[in-house]
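Below is one structure, written out as structure tokens; the observations come after it.
The values are calculated or read from the model by the stated rules, or taken from the named source; none is laboratory data. Everything numeric in this text was worked out from a predicted model, so none of it was measured. Cβ placement follows ideal geometry from the backbone for every residue including glycine, while neighbour counts extend to all protein chains displayed.
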Amino acid sequence: MPPLKGHLYLVGFMGSGKSTVGPILAGQLGREFLDLDDLIEEAEETDIPRIFDLRGEAYFRELETRILASVRDREPAVVALGGGAFSQAPNRDLIFKTGIAVALRIPPGLAWERSTEMDNRPLARDRQQFEILYLKRQPDYDLADLKVGVLGRTPEQICRLIRDRLGTVHRILDSYRD
Ligand code: S3P
């Protein structure tokens with residue numbers, strides 16, 4: 001497998017397992033793992049529900065774009081993004097310039113179950129709104145370089161599938177870049 005250039009961005013809806021799969025995959029690829037939501041919380045010195053409650057979603061989205069831009073020049077890493085980051089076109093442009101996007105696909109019912117296990121997701125408070133958002137975002141995740149279904153797979157199996165399929169993406173990326 002040729003070395004992967006740039007970041008490997010993990011995208012996907014809330015609950016799809018980006019923060020679980022990310023560190024395992026990063027370890028296997030010998031890379032650092034970065035979680036964009038953690039970086040946002042560190043920068044703001046508070047948690048995401050408080051950012052939403054006190055400053056609103058628009059403020060959070062600006063912050064998300066700014067922190068995403070700040071990781072572009074770091075050593076190639078595995079970067080887990082919050083579920084909404086890939087739905088902003090300027091974020092996608094940056095992602096495709098600086099690496100590849102791997103989408104984790106999850107059915108809506110399981111996404112809801114997982115996302116409500118802890119009360120830390122401001123956009124997982126109302127099931128109907130959650131499902132509307134889910135449907136709205138699917139075409140965005142379809143734009144990712146690789147798509148991997150998570151249903152019935154362990155995090156290790158998901159990592160193996162991603163690694164097995166990475167080669168095809170490199171070739172496309174390399175031919176665009178060279
Ligand atoms: C969001 C997903 C969350 C977090 C924020 C907004 C979204 O991340 O960024 O609550 O818009 O889908 P996870 O996908 O890691 O839950």
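Values computed for the structure shown
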quantity: Residue that is nearest to the ligand (Cβ to nearest atom), among those in segment 20-60 that are under 14 Å from residue 120 (Cα atoms) and out of contact with any helix residue (DSSP H, G or I) (no Cβ under 7 Å at 6 or more places or on another chain); calculated: 49
quantity: Residue list for segment 24-38, filter: surrounded by 14 or more Cβ atoms within 10 Å (Cβ to Cβ) and either over 26 Å from residue 66 (Cα atoms) or not charged (D, E, K, R) (or both); calculated: 24, 25, 26, 28, 29, 33, 34, 36
quantity: Any hit, segment 101-110, residues being within 13 Å of the chain's Cα centre (by Cα), assigned to a helix (DSSP H, G or I), crowded, with 20+ Cβ neighbours inside 10 Å and of a type in the set (A, V, I, L, M); calculated: no
quantity: Residue check, residue 66 of a type in the set (Lys, Arg) and in contact with a helix residue (DSSP H, G or I) (Cβ under 7 Å, 6 or more places away or on another chain); calculated: no
quantity: Per-region count, segment 39-68, residues loosely packed, with under 15 Cβ neighbours inside 10 Å, among the charged types (D, E, K, R) and farther than 26 Å from residue 132 by Cα; calculated: 3
quantity: Selection within segment 96-115 - closer than 23 Å to residue 56 by Cβ and away from the ligand (no atom under 11 Å from the Cβ); calculated: none
quantity: Counted residues, segment 145-178 - those being surrounded by 14 or more Cβ atoms within 10 Å (Cβ to Cβ), modelled with pLDDT under 95 and aliphatic (A, V, I, L, M); calculated: 3
quantity: Residue satisfying condition, being touching a helix residue (DSSP H, G or I) at 6+ places or on another chain (Cβ under 9 Å) and at pLDDT below 95, within set 3, 76; calculated: 3
quantity: Residues being more than 26 Å from residue 105 (Cβ to Cβ) and β-branched (Val, Ile, Thr) - total across segment 15-56; calculated: 2
quantity: Segment 149-178 residues that are more than 19 Å from residue 13 (Cβ to Cβ) and charged (D, E, K, R), paired with ones that are outside any helix (DSSP H, G or I) and modelled with pLDDT of 95 or more (beta carbon under 8 Å, 6 or more apart); calculated: 165/146; 165/148
quantity: Selected residue (criterion: surrounded by the fewest Cβ atoms within 10 Å (Cβ to Cβ)) from residues of segment 69-94 that are within 11 Å of the ligand (Cβ to nearest atom) and of a type in the set (A, V, I, L, M, F, W, C); calculated: 81
quantity: Long-range neighbours under 8 Å by Cβ, at least six apart or interchain, first residue under 17 Å from residue 151 (Cα atoms) and modelled with pLDDT of 95 or more within segment 107-123, second in a helix (DSSP H, G or I) and among the acidic types (Asp, Glu); calculated: 108/131; 112/131
quantity: Qualifying positions in segment 89-113 - closer than 11 Å to residue 9 by Cβ and of a type in the set (Phe, Trp, Tyr); calculated: 96
